[in-house]
C-alpha cells in the first residue's frame, strides 16, 4: 500500500479509502454485469474504495425496542395504542436492500416486535401494506421471505398486501401543496388511527417524508416531482437538502401528516454486502491474500463457463449479511436527521479534486430488477447516469463535460413479466427521440393510462406503465453533465446506439477515447463499488 500512495496522490490520499495507482499496484476488479473484469489502470489513476462496514449493533431487537420506547418528538409507541383502534403498518418493498439480506430481514424483526406490542394493547384491526408506489407488486414468495413465515401465514393476502397506485377505490386525494403538487395517498392508511412506517435506509435518498409521500401515493402525485426538470435541479439525490426531488417530497409528506398520525421507524444497515465466496469484493485488491486471489480466479473461471441465466441465479440467490447499525423512531424529520447522520458515517469518503474521466463497473442488480431475468438497457442506464453519477455531495465527482466510462455487456434483454412497458419504450420511443422533455410531454400519459399496462401492474407483477420514463429521467442530470458515456464490453451496438453512448471493446480503448476528448493529462478516477460509497467533494 505504501507504494500506491506515491507523489501522484491527491490530497487526502493518506486515507485508506483512496489510493493512486503506480506501476507496482495490482489490477482492479470491476463488475461487468454477471461477471467481473480485472483491469490494469494507468499510472496516476485515483481509486476510491468504500469504507469498511461499521460494526452492527450487538442486540438489534433491544435497539428496536429502545427506539419504540424513546422516540423523537412523539410519545412512545405503546402510549399511542388503545384497544379497538385501526392501525396500518406500511413497509418498504423489495427494491432494497441490494442484494436482499440474509433472513431474518430487518423488516421481519421490526414487524414481529411491533405486532406483539399491538397485541398486548388490544389492537387487532391491523393491515400491513407494502409501499410499492409505482413499483411492481411483490410475488408471494418474496413477501414471505421479507416478513417471515409466521407473519405471512397470519396476514397474507387479506391483511398483508401490495399498495395499488391504480385503484380508484384505494386512493384518496387529500389536497395540494403550496406549489400545486397533488397529494394523494392510500385510503386505508388515511382512515387509520395510526400509521406505522417501517423503513430501510440503504442510501441517504431513502426514508423521511419519501416513505409515506411516495410509497403510498398514485401516479398523479408522483408525476409532480418525477420529471426531467426536477431531476436536473437535484444537486445529487444523496444530499436531500440540495435536492429538488426531496424538497417536493417533503412538501407532499407534510400534507400527508396533516391528515394522518404517522410513527416512523427508520433503520440504517451497514455496507456488509458480500460474504462467503464473494467476500473478496469487500477488500482492496492490494490486500488480497493468496486465498482471495485463488477464489477470484476460480469464480471467474466458473462464470465464464456458466450460462448467463444461471450466473444471474447464482448472484441473486446469494444474500447479503447486512447488519443493523442504527434505528430511530418518531416524527419523520427528527428521525430522518439522525438516520442521515449515521448513513453518511458509513458511506462518505472525503475527496478533493474532480475527475476528467470517471470509471465504474455496473453490477447485475438494481433496485428495479430484483428476481428479474435481466438488468435491461434502461436499468443499465439508470445505474450509470442515475445512481453512480450521483454518488456525491457538494459537487459532482466528474467535471462538467467529463467522460463517464462504465463496464457492462448491455444485453438487449427484458423481463416481459416485470418490465413490459420498458420494451415498448426502448424499441419504439428511443429510436424516435432521447429528449426526456419531449418524451414526458408527448408519451408519458399515454403509457401511464394504457389499460393493458394498468392491468399488468394491478393483476400481475409489472412495473407501472410510466416507470420506464422515470428511469430515463433519472439519468437526465448525468446526460446533461457528461460529454461522452463509453461502455466497455457491450455485446452489441444496438443498445449503446439507442442510449446515445459510445462503445469500446476494452477498458484501455475506452480510456484512450476519453483522453482524446479530455487531453493526455486527464485525471482518471475509478469508483470501486459496490459496496456503496458517497464522495464528499471538497
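The values are calculated or read from the model by the stated rules, or taken from the named source; none is laboratory data. Note that the coordinates shown come from a computational prediction; the quantities given were computed from them, not determined experimentally. Cβ placement follows ideal geometry from the backbone for every residue including glycine, while neighbour counts extend to all protein chains displayed.
List of remarks:
- Unmet requirement for residue 161, which otherwise passes all of (1) under 27 Å from the mean Cα position of the chain (by Cα); (2) surrounded by fewer than 16 Cβ atoms within 10 Å (Cβ to Cβ); (3) in contact (Cβ under 8 Å) with a residue 24 or more places away in the chain: (2)
- Scan of the stretch 98-120 for residues that are at pLDDT 95 or above, assigned to a loop (DSSP other than H, G, I, E, B) and crowded, with 17+ Cβ neighbours inside 10 Å, ordered by number: 105
- Of the residues making up the stretch 211-233, those that are surrounded by fewer than 23 Cβ atoms within 10 Å (Cβ to Cβ) and more than 24 Å from residue 88 (Cα to Cα) are 223, 224, 227, 229, 230, 232, 233.
- Matching residues in the stretch 121-154 - criterion: being crowded, with 23+ Cβ neighbours inside 10 Å and more than 17 Å from residue 96 (Cα to Cα): 128
- Flag for residue 202 being buried (at least 18 other Cβ atoms within 10 Å of the Cβ), modelled with pLDDT under 95, within 30 Å of residue 448 (Cβ to Cβ) and not assigned by TED's automatic domain parsing to the domain that holds residue 476: yes
Per-residue answers, yes or no, for (1) outside any loop (DSSP other than H, G, I, E, B); (2) in contact with a strand residue (DSSP E or B) (Cβ under 6 Å, 6 or more places away or on another chain); (3) outside the structural domain of residue 481 (by TED's automatic domain parsing); (4) buried (at least 22 other Cβ atoms within 10 Å of the Cβ):
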residue: 370; (1), (2), (3), (4): no, no, no, no
residue: 406; (1), (2), (3), (4): yes, yes, no, yes
residue: 423; (1), (2), (3), (4): yes, no, no, no
residue: 440; (1), (2), (3), (4): yes, no, no, no
residue: 445; (1), (2), (3), (4): yes, no, no, no
residue: 452; (1), (2), (3), (4): yes, no, no, no
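Yes or no, residue by residue, for (1) under 26 Å from residue 45 (Cβ atoms); (2) without any contact (Cβ under 8 Å) to a residue 24 or more places away in the chain:
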position: 434; (1), (2): no, no
position: 445; (1), (2): no, yes
position: 466; (1), (2): no, no
position: 470; (1), (2): no, no
position: 480; (1), (2): yes, no
position: 514; (1), (2): yes, no
position: 535; (1), (2): yes, no
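- Hits in the stretch 287-313 - residues which are more than 25 Å from residue 56 (Cβ to Cβ) and touching a residue at least 60 places away in the same chain (Cβ under 8 Å): 296, 299, 300, 303, 304, 308, 309, 311, 312
- Exclusive hit being farther than 30 Å from residue 209 by Cβ and either assigned by TED's automatic domain parsing to the domain that holds residue 526 or over 19 Å from the mean Cα position of the chain (by Cα) (or both), set 263, 315, 288: 288
- Qualifying residue in the stretch 374-396 (condition: at pLDDT below 95 and either out of contact with any strand residue (DSSP E or B) (no Cβ under 9 Å at 6 or more places or on another chain) or under 26 Å from residue 146 (Cα atoms) (or both)): yes
- Single match in 331, 304, 261 (criterion: under 30 Å from residue 86 (Cα atoms) and surrounded by fewer than 14 Cβ atoms within 10 Å (Cβ to Cβ)): 261
- Scanning the stretch 230-238 turns up at least one residue that is touching a strand residue (DSSP E or B) at 6+ places or on another chain (Cβ under 7 Å) and assigned by TED's automatic domain parsing to the domain that holds residue 84.
- Test: residue 48 is within 22 Å of residue 127 (Cα to Cα) and at pLDDT 95 or above: no
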